[in-house]
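Asks: A single structure is presented below for examination.
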Amino acid sequence: NWTYTLGTGLMDPWTIGATALIPAPGTPAAALPDLIARHKATLFAAAPGVFRQMLKGLDPVYLPHLRHGLSAGEKMAASVRDAWNEATDTHVYEAFGMSECSTFISGSPTTPAKDGAIGTAQPGRNIAILTPKGAARANTPGVIAVHQSDPGLAMGYLNAPDQWQAKFDGEWFLTGDQGMMDEDGQITYLGRSDDMMNAGGFRVSPLEVEETMLHAPGVTGIGVTEVEVKKGTTVIAAFYTANAPIKEYTLTDYAQDNLARYKQPRLYVHVDALPTSANGKLMRARLRSDYEASKK
């Protein structure tokens, strides 16, 4: 998300007269802790994929000037957040946004996110969770929406006014992301609308299944999506990385003990690596298309 890099990485610190440090192109993630320490950085902002890479083989590190980390681009797994806290003795605060509006939901030291949530609407932001019937009730899934009056919302898409208008439901800009808001305004991110899976009529977020199955014995990485196994029939599939293929019964037993039946994967596939974008974001659609193409 270029707006996260530009806004959080440059414009925000410059606005208050702070120094922004940018690693040189090609700097490996393993070198970042040393850069943070050497330059006495007080904040560190990156996508979850960068945090994951930094934590590989990272022992507890002394970063006396670092106050906390900031993360956006995709939902950070609780295991990554906990590992960072253990290694650095600092917290990570998440933010949610998009190119059309940068970040508009976040947690902070003064308004921390509850367990599982990403935070609350930032001051001055008018955010809603919408369903086809209107505003969602508390703790009910729907589409995260931003009011058209938001000062950070883009003015439109260049030379594509129809595409821009198609993103609105009345006065609300639809992000295409699913979430739910509790009575305190805390928002839980459920994933992209087009990543949501259908299991026997139930809507299932891949994030919840991934977060659970990542702790299965032997699993080092995981991506979950819905795949077509035969014409007209789809199942929840878990693509995982591990040092060696894991016996399927090990995974199914773990899923049965930790997930509701309708959320349990019906297919497990061992892969050498999970497809990710340039910023380390998991590409679930690629998992799906590659698997379905391999079966033709």
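Asks: If you bin the C-alpha pair distances of segment 1-99 every 5 Å from 0, what whole percents do you get?
Replies: P(r) over segment 1-99, rounded to whole percents: 2, 13, 24, 28, 21, 10, 2, 0.
Asks: Can you tell which of THR5, THR220, HIS91 lies farthest toward the positive end of the dipole of the chain, using +1 and -1 charges on the Cβ of basic and acidic side chains (Lys, Arg; Asp, Glu)?
Replies: Of the listed residues, the answer is THR220.
Asks: Along the charge dipole of segment 196-294, which of PRO275, VAL204, LEU251 sits closest to the positive end, that is, farthest toward it, with unit charges on the beta carbon of Lys, Arg, Asp and Glu (+1, +1, -1, -1)?
Replies: Checked the options; the winner is VAL204.
Asks: Holding the Cα-Cα limit at 24 Å, pick out from LYS75/LYS114; LYS56/LYS263; LYS75/LYS231; LYS75/LYS296; LYS75/LYS263 the pairs that are longer than that. Don't skip to the end; give the middle numbers.
Replies: Details: LYS75/LYS114 14 Å; LYS56/LYS263 29 Å; LYS75/LYS231 32 Å; LYS75/LYS296 33 Å; LYS75/LYS263 19 Å.
The pairs that break the limit, which is 24 Å between Cα atoms, are LYS56/LYS263; LYS75/LYS231; LYS75/LYS296.
Asks: A further question on this structure: With the contact rule set at Cα under 8 Å and sequence spacing of 6 or more, what percent relative contact order holds for segment 184-296? Each step should come with its number before you reach the end.
Replies: Numbers: 169 pairs, mean separation 27.1, N = 113.
That works out to 24 percent.
Asks: Per residue Cα convex hull volume for segment 196-294, in cubic angstrom? Write out the running numbers ahead of the final one.
Replies: Numbers: hull volume 10.0 nm³, N = 99.
Per residue, the Cα convex hull of segment 196-294 comes to 101 Å³.
Asks: How big is the Rg/Rh ratio for the chain, C-alpha atoms only, Rh by Kirkwood, two decimals? Walk me through the intermediate numbers first.
Replies: Details: Rg = 20.0 Å, Rh = 20.7 Å.
Value, to two decimals: 0.97.
Asks: Now for a separate question. Return ASP253, ASP115 ranked ascending by Cβ neighbour count within 10 Å, so the fewest neighbours appear first.
Replies: Working: ASP253 13, ASP115 8.
Least to most surrounded, the residues fall as ASP115, ASP253.
Asks: Would you mind computing Rg(Cα) / (2.2 N^0.38 Å) for segment 122-190, counting N as its residues? Please report the intermediate quantities before stating the final value.
Replies: Details: Rg = 12.5 Å, N = 69, 2.2 N^0.38 = 11.0 Å.
Ratio of Rg to 2.2 N^0.38 Å for segment 122-190: 1.14.
Asks: May I ask for the distance between the Cα centers of segment 150-203 and segment 226-278, given as a whole number of Å?
Replies: 27 Å
Read the figures in this text as sums done on the coordinates, not as results from a lab. Since the structure is predicted, the reported quantities are computational estimates derived from the model, not experimental observations. Heads up, the Cβs are rebuilt from the backbone with ideal geometry, glycines too, and the neighbour counts pull from every protein chain shown.
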